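Engineer: Before anything else, here's the structure in question.
Every number here is computed from the coordinates shown, using simple stated rules; none is lab data. Owing to the predicted nature of the structure, the values given are computational and were not obtained by experimental measurement. With ideal geometry, Cβ positions are generated from the backbone for all residues, glycine too; neighbour counts draw on all protein chains shown.
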Amino acid sequence: MEIGDKVQALDDDFEGVIISKKADEIQVEDIDGFVSIFHESELIPAVPITIKSKLAEVPEGVIEEKEEPKKYTSKKIPAKQRNAPVMEVDLHIHKLVERSGAMSNYEMLNLQLDTARRQLNFAISKRLQKMVFIHGVGEGVLREELYTLFRRYDNVKFYDADFQKYGLGATEVYIFQNIN
C-alpha cells in the first residue's frame, strides 16, 4: 500500500485515501476530509464494485426474465361462493354418536354444545371466517344454548343461516379476525 491508494478498513465502514505512512501507522483521509490512523493490518485495498461487473456474471436469460412484468390472473369466483360459509357443523345427535338411546337429553345437549365449542375454537385458531351450525328446528333449546355460547365470544357475530339452503334449523357464525 502506497500514498494515494484507496483503502478500506477491515472492521469498520470506512474508506479513504492514504495520505502518509510511518512505520506501522498509516494516515487515511476519508471523502469528508477527516483523517484517521490505522495499522497496516487493519486496512485492505479498496476494490470498487460496479453493478455492470456483477451483472456480467449473471446468465443471460435471468435478467430478461426478471425485467418482464409478471402477469397475474385472478380466478373470478361468483358472489354466492365467495360469501358461502367455509365450514358446516351438523349438531344432530345421530351425526355425533352411533347410538343415542342410552343418553339422557341433558347428556345429548352437553355433547352437542361441547362439539359446537370445540369446532368454533378450531375455526378461530385456523382463522376461518364463516361457519354454519346446523341444529335443527325442534323446540329451540339447542339453538338458545348455542346463542348463549356465541355471546361469550367477543370476535363472533351470529345470525340465521341462508333460509333457502338450511331452512330455519341453522345458525351462521361470522368470526372477526383482527380484534385487539
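Engineer: How about the range 83-144: which GluC sites (Glu not before Pro) there lie in a loop by DSSP and see at most 10 other Cβ atoms within 10 Å?
Structural biologist: Within the range 83-144, the qualifying GluC sites (Glu not before Pro) (loop, at most 10 other Cβ atoms within 10 Å) are E98, E139.
Engineer: First check a/c for the range 1-51, with a ≥ b ≥ c the square roots of the eigenvalues of its C-alpha gyration tensor; if it is under 1.5, answer rounded, and if not, answer prolate when a/b is larger than b/c or oblate otherwise.
Structural biologist: prolate
Engineer: I would also like to ask the following. For the range 80-175, what log10 I(q)/I(0) values come out of the Debye formula at q = 0.14, 0.21, 0.22 1/Å, with one point per alpha carbon and no solvent?
Structural biologist: The Debye formula, applied to the Cα set alone, gives -0.49, -1.08, -1.18.
Engineer: Quick one: net charge of N121's neighbours, Cβ under 13 Å, K/R +1, D/E -1?
Structural biologist: Neighbourhood net charge equals +4.
Engineer: Moving on. What does the net charge come to around L109 if you take all other residues with beta carbon closer than 14 Å to its beta carbon, with K and R at +1 and D and E at -1?
Structural biologist: Counting the neighbours of L109, the net charge comes to -3.
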